[in-house]
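Scroll down for the structure; my scribbles are underneath it.
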Amino acid sequence: MQRRWIMIACGVAALTGGSSCTSTECGDGTIDRDGTCVPADEVVGTAGCGPFTELQGDQCVPMFPPTECDPATTVPDTDPETGVTTCIGTGTIAGCAGAFACPAPAAGKQTICGQLYDFETNALVQGTNPVGMQCPATPTADGPCSLGIRAYDAVEFASGPATAVPRTTGAVYIDDCGRYRVPDIEPGTSPFIGLGIDDADPTKRGPMGVTNAVGVATAKMVDTRTSNFEAFVVKPATTSKWAMSGGPTLATGMYAMVFRAASTGMATQAGVTAVKMSGPVMANDFYFQPAQQTRETIDVAQNATGTNGTALITGASLADGGYSGVGALPATCKWSGHPGVTLQGIVFIQILRPVNAAGMTCPL
């Protein structure tokens, strides 16, 4: 016997006080809706599902199973906004111009990916004739494959670098294009994750090798990937140029603030003066020659950023409540604020960008 839906509709006639009953009998796969037989999986009108989906009950579901990438040749890269997963190859066919995967982290962790830059020249840190090949286990003499990257709880490191313990991560990836990936970082207790960049060879760390010790930090965002995060090398020759032109020395450590002109992109902003968020304009800030796009020569007469958008700060402390900037923005914008610290032998670098002023919308 075929299964059938039977709906008995009874109502009371409001005007006559009488009552009436009607019986609507619907066939397989249909139900009664207001006296009309309609498909049982219809919600409102004719259900419309997007491409590669189909209606099941009252929901649109994928027609095909989720994307699965070949782990031997690709890395899955899922767009957090669209949910679309792209399998990005780990080979060298596309070279440095190819896409670089930044996969989602394991639950409760964070992944950080990006590019290494030379802080003096703004140039990409790359090997000779790079092709996108992962760096070998044995460090090279120079280039990105001479470097190592470790993750820290940024506040723990700032409070005591000698005792700070690197956070547990997945296998760190660096290639000869200078692209890096630090996956599955186990976050610390502070709101910030720090990356330490130095020579991979422990006998060359600090000013003995390719780069001085460099620190960068970003917000801790558990279960999130942080992509396109700028990291830097600062060559010993670079810090020597700063000291010789009247700037600070590495002996006291430096907090470098780079003011970007917009919420995205690499353009820098001139005309910005570094300030403490909790107090007056500082007396321990240094700026470069106004027209200098690179970061080589300090101009002790300057009190605001030049073309390279950079200020060097000495004596920075977490107790200062953070650092920001003033100037060169419309009234609807303000400069982002960030904690900062100076530690002997280390250059900390912080990117600052325009953000919304209170109650305003910044157009930059």
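The values are calculated or read from the model by the stated rules, or taken from the named source; none is laboratory data. Computed from a predicted structure; not experimentally measured. Neighbour counts run over all protein chains shown; Cβ positions are idealised from the backbone, glycine included.
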Ile346 under 24 Å from the mean Cα position of the chain (by Cα), buried (at least 22 other Cβ atoms within 10 Å of the Cβ) and over 17 Å from Asn122 (Cβ atoms): yes
For the range 235-255, how many residues are among the aliphatic types (A, V, I, L, M) and in a strand (DSSP E or B)? 1
Answer from Val155, Val182, Val125 - the residue that is of a type outside the set (Ser, Thr, Tyr), within 21 Å of Ala106 (Cβ to Cβ) and in contact (Cβ under 8 Å) with a residue 12 or more places away in the chain: Val182
Just to check your reading of the model, which residue among Ala319, Ala328 is farther than 20 Å from Ala217 by Cβ and assigned by TED's automatic domain parsing to the domain that holds Leu352? Ala328
Check the range 252-264 and report whether any residue there is modelled with pLDDT of 90 or more, among the aromatic types (Phe, Trp, Tyr), buried (at least 23 other Cβ atoms within 10 Å of the Cβ) and closer than 25 Å to Arg167 by Cβ. yes
Can you tell me which condition Ala274 does not meet? The list is (1) touching an Asp or Glu at 6+ places or on another chain (Cβ under 7 Å); (2) surrounded by 23 or more Cβ atoms within 10 Å (Cβ to Cβ); (3) part of a helix (DSSP H, G or I), and all the others hold. (3)
If I filter the range 152-183 down to residues being among the hydrophobic types (A, V, I, L, M, F, W, C) and in a strand (DSSP E or B), which single residue comes out as surrounded by the most Cβ atoms within 10 Å (Cβ to Cβ)? Val182
Given the criterion at pLDDT below 95, crowded, with 16+ Cβ neighbours inside 10 Å and either in the same structural domain as Gly265 (by TED's automatic domain parsing) or charged (D, E, K, R) (or both), identify the matching residue among Lys235, Lys241, Lys204. Lys204
When you check Ser336 against the structure, is it farther than 20 Å from Phe119 by Cα, among the polar types (S, T, N, Q) and touching a residue at least 40 places away in the same chain (Cβ under 8 Å), yes or no? no
Testing Ala331 on (1) surrounded by 15 or more Cβ atoms within 10 Å (Cβ to Cβ); (2) more than 21 Å from Gly265 (Cβ to Cβ), one condition comes back false. Which one is that? (1)
